[in-house]
Amino acid sequence: MLLKNPLQSKLPNVGTTIFTKMSALAEEHKALNLAQGFPEFDCSPDLQALVDKYVRSGKNQYAPMPGALPLREAIAKKTFEGSGREYHPVTEITITSGATEALFVAISTVVHPGDEVIVFEPAYDSYVPAIELSGGIPVFVTLDPQYDSIDWEAVKARITGKTRAIIINTPHNPTGKVWAASDLQALATLAEEQDLIVISDEVYEYIVFDGRDHISAASVPSLAERSFVCGSFGKTFHTTGWKLGYCLAPGYLTAEFRKIHQFLVFSVVTPFQFAVAEYLNEPEHYLTLSAFYERKRDLFNEAIKGIGFVLKPSEGSFFQNVSYANLSEENDAALAERLTREVGVASIPVSAFYARKTDFKTLRFCFAKHDETLLKAAELLNRALW
Ligand code: PMP
Ligand code: GLN
């Protein structure tokens, strides 16, 4: 070893993410990739033309640290229309490098060493490392992937004098659960009572099914006052590779958020910000997304219904979870790998979203794919030996 004083890992329990791992395995075995959550289709040619326009018209130097003003204004407008909350574009909206940066910065802004943060699991994989890098302690509220409702008394029981924040995610990755207005109301009461800061991951805000509404933390006034609301254009415009996201928070939180954001990235990719700002002028560009994905969910679910999985139709997001407990004893990680190698369909084992890798015999399939891919995957799964 080169170093006399060995490098101490800041994240000793972290390896390569399950998404990277399963995508690599899918590639290796030429499997259909219903694992990592990204659309198989391209973004709109109109949006591409806008990027081209802004690249060619000289929008190629640093954007302002909080983001290009037209984009912040467009986000303020759509947020007001969707939630009734007015965020001031100058002091309350920051453009980030994807929701990943927004979440990381929000967590870093809030968490001091020894602070506890309530995390519902199954949880998206970026929350816990961010908490730990700030010296915080994740405190888990564990839910079954098929959960129907939140036991708010159980959440309250996890709160101590050290609890500083709570992270929520609706529509939820991986389960596809969409929180009801009553959940947001219960959260608002709890957060007020216990003086918690809320970090709300709402990247699937425009993907909700069966006539449901997405209820943003921004829409409950007492909650919005103490919340960071994190969003992403990756999901909304099929542009996950652009890593363009945002954070909405009242001025007193945004001021501290920006102190970290400015030294993490300073600002994010300029021409894309102008392009998205202009594209947002037409609400149809995002308000049609739910119907687009609902049809894909139904197509996939119909095609796999004969296999014997237990599936609770996803309420939002672009994920469908299936329980295979009555078909196989195999643990979910082993099964996901076997299906990738032998059947040619990659999925994500939901145990990856639990701190202790709890196996609920559940796989997550991403249905943000071409219809042919979904039907082919279903055909392969129907033929598989269980
Ligand atoms: N939160 C959730 C729940 C997600 O699923 C994702 C990405 N798929 C992110 C955050 C990160 O979003 P982005 O790609 O914009 O960084
Ligand atoms: N959020 C995506 C998913 O859940 C993956 C993002 C990533 O690979 N980091 O599959």
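Using 0.36 nm per residue, how much length does the chain from Ser44 to Asp195 gain when fully extended, once their Cα-Cα distance is taken away? Don't jump to the answer; show the numbers that get you there.
Working: separation 151, 0.36 × 151 = 54.36 nm, distance 4.31 nm.
Result: 50.1 nm gained on full extension.
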(message) Need one number: % antiparallel among DSSP beta bridges in the chain, to the nearest 5.
(response) 50
(message) For Val345, what residues show an amide H to amide H distance below 5 Å, using hydrogens built from the backbone and excluding near sequence neighbours?
(response) Leu32, Thr340
(request) Among the aspartates and glutamates, select those whose C-alpha is under 17 Å from the C-alpha of Lys376, and discard any that sit fewer than 8 residues away in the same chain. (result) Glu27, Glu40, Asp298, Glu302, Glu342
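Counting Lys and Arg as +1 and Asp and Glu as -1, each charge on the Cβ, what is the dipole of the range 171-305 about the Cα centre in debye, to the nearest 20? Kindly include the intermediate steps, with their values, before the conclusion.
Details: 11 positive and 17 negative charges, 100 e Å.
With Lys and Arg at +1 and Asp and Glu at -1, about 480 debye.
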(request) Determine the alpha carbon to alpha carbon distance for each of Lys30/Lys369; Lys296/Lys357; Lys235/Lys361; Lys259/Lys357; Lys177/Lys357 and list only those over 24 Å. (result) Lys296/Lys357; Lys235/Lys361; Lys259/Lys357
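Starting from the Cα-Cα distance between Leu133 and Thr16, subtract it from 0.36 nm times their residue separation and give me the gain in nm to one decimal. If you can, show how the numbers build up before the last one.
On the way: separation 117, 0.36 × 117 = 42.12 nm, distance 1.66 nm.
Working it through step by step, the gained length comes to 40.5 nm.
Over the chain, with every protein chain in place, what whole percent of the accessible area is carbon and sulfur at 1.4 Å, could you tell me? The partial results should precede the final answer.
Details: 9000 of 16710 Å².
Carbon and sulfur together cover 54 percent of it.
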(message) Using the Cα centre of the chain as the reference point, and only Cβ charges (+1 on K/R, -1 on D/E), how large is the resulting charge dipole? Debye, rounded to the nearest 20.
(response) 940
(request) Taking only protein heavy atoms into account and a 1.4 Å probe, give the accessible area per residue of the chain in Å². (result) 43
(message) Given axes a ≥ b ≥ c from the Cα gyration tensor, I'd like to know whether the range 189-345 is rounded (a/c under 1.5), prolate (a/b larger than b/c) or oblate.
(response) prolate
(request) Springs between alpha-carbon atoms under 10 Å, Gaussian network over the chain: tell me which of Ala180, Ala49, Ala130 tops the mean-square fluctuations. (result) Ala49
(request) Would you kindly derive the ³J(HN,Hα) couplings of the range 32-39 from the backbone phi angles with the Karplus curve 6.51 cos²θ - 1.76 cosθ + 1.60 (θ = phi - 60°), listing them in order in whole Hz, with x for Gly and Pro? (result) 5, 9, 9, 8, 4, x, 8, x
(message) Taking 45 Å as R0, compute the FRET efficiency from the Cβ-Cβ separation of Lys259 and Thr288 and round it to 0.05.
(response) 0.75
(request) Select from Phe263, Phe237, Phe80 the residue whose mean-square fluctuation is largest in a Gaussian network model of the chain (Cα-Cα springs shorter than 10 Å). (result) Phe263
(message) Could you identify which residue out of Arg85, Arg295, Arg226 has the top mean-square fluctuation in a GNM of the chain using Cα springs shorter than 10 Å?
(response) Arg295
(request) Please calculate the 1.4 Å probe accessible area of Asp46, with all protein chains present, and give it to the nearest 10 Å². (result) 100
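The values are calculated or read from the model by the stated rules, or taken from the named source; none is laboratory data. Everything numeric here is computed off the predicted structure, so don't read it as measured data. Counting neighbours? That spans all protein chains shown, and the Cβs are built from the backbone with ideal geometry, glycine included. Keep in mind that these areas ignore ligands, DNA and RNA; they rest on the heavy atoms of the full protein, side chains included. Shrake-Rupley method; radii C 1.70, N 1.55, O 1.52, S 1.80 Å.
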